[in-house]
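Below is one structure, written out as structure tokens, with a few remarks after it.
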Amino acid sequence: MFIHLGGDVVVSKDEVITILNNQLMKKNEINKEFMELAEEDGFLSLITAKANAKALIITSKRVYMSPISSMTLKKRSDEQLSNLDSFSSEEPW
């Protein structure tokens, strides 16, 4: 399954390691250092301006800054799974 992170960015749910609230990330010194290193090493992808980012999505390949809240992203990933469950219980044509 895939998760839409905002803009034209979609990632495989299997690649997602964690989805974090950007405000919480800013409060911890280790998190700030992680983000600086990700940017310096070219792993940071901005879907929105840093000032507008609501969530950080850490995947196996990149770190994304998204304008969509971490709660909304979580709901989207859960919703896709529940939709699949409803299809699997239906009779095949």
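Cβ-Cβ under 7 Å, sequence separation 6+ or interchain: first residue in the range 20-46 and farther than 12 Å from residue 65 by Cα, partner surrounded by 15 or more Cβ atoms within 10 Å (Cβ to Cβ) and not polar (S, T, N, Q). Which pairs?
The qualifying pairs are 31/25.
Among the numbered criteria (1) on the phi > 0 side of the Ramachandran plot; (2) more than 15 Å from the chain's Cα centre (by Cα); (3) surrounded by 14 or more Cβ atoms within 10 Å (Cβ to Cβ), which one does residue 7 miss?
(2)
Read-outs throughout are calculated quantities, based only on the coordinates presented, and are distinct from any laboratory measurement. If you're wondering where the values come from, they're calculated on a predicted model, not measured in any experiment. Please note: Cβ atoms are built from the backbone with ideal geometry, for glycine as well, and neighbour counts cover all protein chains shown.
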